[in-house]
Amino acid sequence: MASLHQMEPASRDAGPVFAAGPMTLVGLTRDELAEALRAIGIAERELRMRVAQLWHWIYFRGATEFDQMLNVSKSQRLLLSDHFTLARPEVTSEQISTDGTRKWLIRMPPVDARDKGAEIECVYIPESDRGTLCVSSQVGCTLTCTFCHTGTQKLVRNLTSREIVQQLVVARHQIGDFPGQTPPDNGFLPSGEGVRAVSNIVFMGMGEPLFNFDNVGAAIDVLSDGDGLSLSKRRITVSTSGVVPEIPPLGERAGTMLAISLHAVRDDLRDTLVPLNKKYPIRDLLDACRAYPGLSNARRITFEYVMLKGVNDSPAEARELVRLLKGIPAKINLIPFNPWPGTKYECSDWDTIEKFSDIVFNAGYASPVRTPRGRDILAACGQLKSETEKVRARARMMGE
Ligand code: SAH
Ligand code: SF4
C-alpha cells in the first residue's frame, strides 16, 4: 500500500455537497451554451461570437474563473458570474499507481430533485507515446456480464453529455494538461512535440455507451471539437458489449473507433458471459462490424477478449477467433481477467495466455495481450467502483 497516495477530502461524507445554485457552463455543448446565454438576455446577433469566446476559454484554456476571460468585457463577465459558474465536479479521491496510472473518483452533483448525485470513476493511463483516459458513460450498468464487477452494481443511470465531457476537463486539470499549467515531470507522462498528456479517450469505464447513445454522441462532438478539447475522432474509441442496432448509427453519427467486447467465439458460451448475446448473437454482431464505415488497415476494430481460466482460453478457441474475424480489419486485445471479491472466474495461466496469443499473432494480429495497468489501485477493467470503497475503508482503518 506504500505506493498508494490517497487524498480524502474532509467533506466526503458530510451531507449534500452540492446545494442547488447557479449552473456551471463546463461540459455544455455549443447549442446548450447558446441556450444558456440566450436565457440571460444576450442578444441573438452576439450569440455566435459569445459562444466562440466562452468555448475557447472553457475547453481550450481550461478557465476556472470568468475574470480570466480578458477579451470579454467586464460588464459581460459580471453578468455571466451572476448567473453561472465554471465549477467542475469534485474529485473526491485521487490514487496514483506505481506505473503512473491515475484513478479519480468524481462526484457528480444531482441532475434533478430525485437524484442524490453520483460518484463515477475515471482512469488515466500514460504510455510513452500516448495518454489514454478511460471514461464512464453510465453510473453502473444494466447489463449483467458475469465476469464484470460493474454489472453487479444496483444503482444505474445514464450520465449526461455534460458529465461525460467534464471527465476530460477534470482529468486535464488534474494532470496539468491545459495551456499554462505545468504537468508533473515524473517520467510517467508521454512526451514529444505536440503530445498532450491526454491524447486518447476510450469509453471503457462504467456502463454501456450504446445504451446512452444520444448523450455519448453529444459528448463526442464536444470532445472532438477542434476549437476546444480537440481530440481526434480516430483517437476516441467506443467499446460495446454488442448493442447491434446502435453500431451503424455510431459509425454515421460519431465516426469514432469501435471496440467490441467479444470474449467468446460460440453463442452458447457468449450467452452466459455476455447475456446481451441472446438478443444479438455473434453473427449479427460481426455483420455490423463488417459494415462499420471507414474501416481500413489503419482504422481497425478492436476485439476485446478477457482470458478466463478453463472457460474460453483453449487453442481451438484461439483458432476459431481468428477464423471468425477473417475479412474484418481487426486488432485483438487479450485482457487478463481482473478478479474481484465473490467472482467465480479466475484469470487464465500465463502459459495458456501465451499459447492463445501465439496463435492469434501467427495469424497476423500484433501485440495482443493488454498488460493490466493500475492493479495496485484497482483501476483495471471490471474492478471499478465498489472495490474503491473497500480500499477506502481499509485505508481509513489503517489511519492512512
Ligand atoms: N460496457 C462496455 C464498456 C465498458 S467495459 C463493454 O462491455 O464493452 C470495458 C471492458 O472491460 C470490456 O471489454 C469488458 O468486457 C472488460 N471487463 C469487464 N470486467 C472485466 C474484468 N473483471 N477483467 C477484465 N476485463 C473486464
Ligand atoms: Fe456492462 Fe460492459 Fe460490464 Fe458488461 S462488461 S456489465 S456491458 S460494463
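The values are calculated or read from the model by the stated rules, or taken from the named source; none is laboratory data. The shown structure was predicted, so the numbers you read here are calculated from the model rather than taken from an experiment. As a convention, Cβ positions derive from the backbone with ideal geometry for all residues, glycine included, and neighbour counts pool all protein chains shown. Just the protein is used for accessible areas: all its heavy atoms, side chains included, with ligands, DNA and RNA removed. Shrake-Rupley method; radii C 1.70, N 1.55, O 1.52, S 1.80 Å.
Does anything in the range 122-154 have its amide N under 18 Å from the 7 Å Cα→Cβ label point of S232, and if so which residues? Counting only backbone N, you get 127-133. FRET efficiency for the E35 to R253 pair, using the beta carbon distance and R₀ = 25 Å, is estimated at 0.75. Taken along the Cα-to-beta-carbon direction at a fixed 7 Å, the label points for E44 and S191 span 5.4 nm.
One way to sum up the overall shape of the range 27-85 is the equivalent ellipsoid from its Cα gyration tensor, whose semi-axes run 16, 14, 11 Å, largest first. Rounded to the nearest 10 degrees, the inclination of helix 161-175 to the longest alpha-carbon principal axis of the chain is 90 degrees. Fully extending the segment from Q68 to A291 would add 75.6 nm, taking 0.36 nm per residue of separation and subtracting the current Cα-Cα distance. Report in % the part of the accessible area of the chain that belongs to carbon and sulfur, leaving out ligands and nucleic acids; probe 1.4 Å. Answer for the chain: carbon and sulfur cover 52 percent of the accessible area. Estimated from helices alone, the mean residue ellipticity of the chain at 222 nm is -8500 deg cm²/dmol (sum of -39500 (n - 2.57) over DSSP H runs with n ≥ 4, per residue). Averaged over residues, the count of other Cβ atoms within 10 Å places the peptides 237-246, 344-353 in the sequence 237-246, 344-353, highest first. Potential lengthening of the chain between E94 and S314 amounts to 75.3 nm, from the contour at 0.36 nm per residue minus the alpha-carbon distance. Note on H83 and R323: with the Förster distance fixed at 45 Å, the Cβ-Cβ geometry gives a FRET efficiency of about 0.15. Name the shape class, rounded, prolate or oblate, that the alpha-carbon gyration tensor gives for the range 90-395, where a ≥ b ≥ c are the square roots of its eigenvalues, rounded holds for a/c under 1.5, and otherwise prolate holds if a/b is larger than b/c and oblate otherwise. It is rounded, given that a/c, with a ≥ b ≥ c, falls under 1.5. Packing order of peptides 159-166, 91-98, 39-46, 315-322, highest average first: 159-166, 91-98, 315-322, 39-46 (average count of other Cβ atoms within 10 Å over each peptide's residues).
Between the helical axis of 30-39 and the longest alpha-carbon principal axis of the chain there is an angle of about 30 degrees. Here the gap between D349 and K154, fully extended at 0.36 nm per residue and compared with their Cα-Cα distance, gives a gain of 67.0 nm.
Which lysines does K154 reach when only Cα atoms under 29 Å apart count, and residues fewer than 8 places away in its own chain are ignored? The reachable lysines, counting only those whose Cα sits under 29 Å from K154, are K103, K116, K278, K279, K309, K344, K385, K390.
What the Cβ-Cβ distance of R375 and D267 gives, at R0 = 41 Å and to the nearest 0.05, is a FRET efficiency of 0.80. Separation of the range 313-345 from the range 133-209 is 24 Å, based on Cα centroids. Computed from Cα atoms, the angle from the helix 213-223 axis to the main principal axis of the chain rounds to 60 degrees.
Highest-first packing order for the peptide set 298-304, 200-206 is 200-206, 298-304, based on the mean count of other beta carbon atoms within 10 Å. Accessible surface area normalised per residue over the range 118-245 is 35 Å², counting heavy atoms of protein chains with a 1.4 Å rolling probe. Any chance you could check the Cα centroid distance between the range 87-130 and the range 250-278 for me, in angstrom? Computed from Cα coordinates, the inter-centre distance equals 26 Å.
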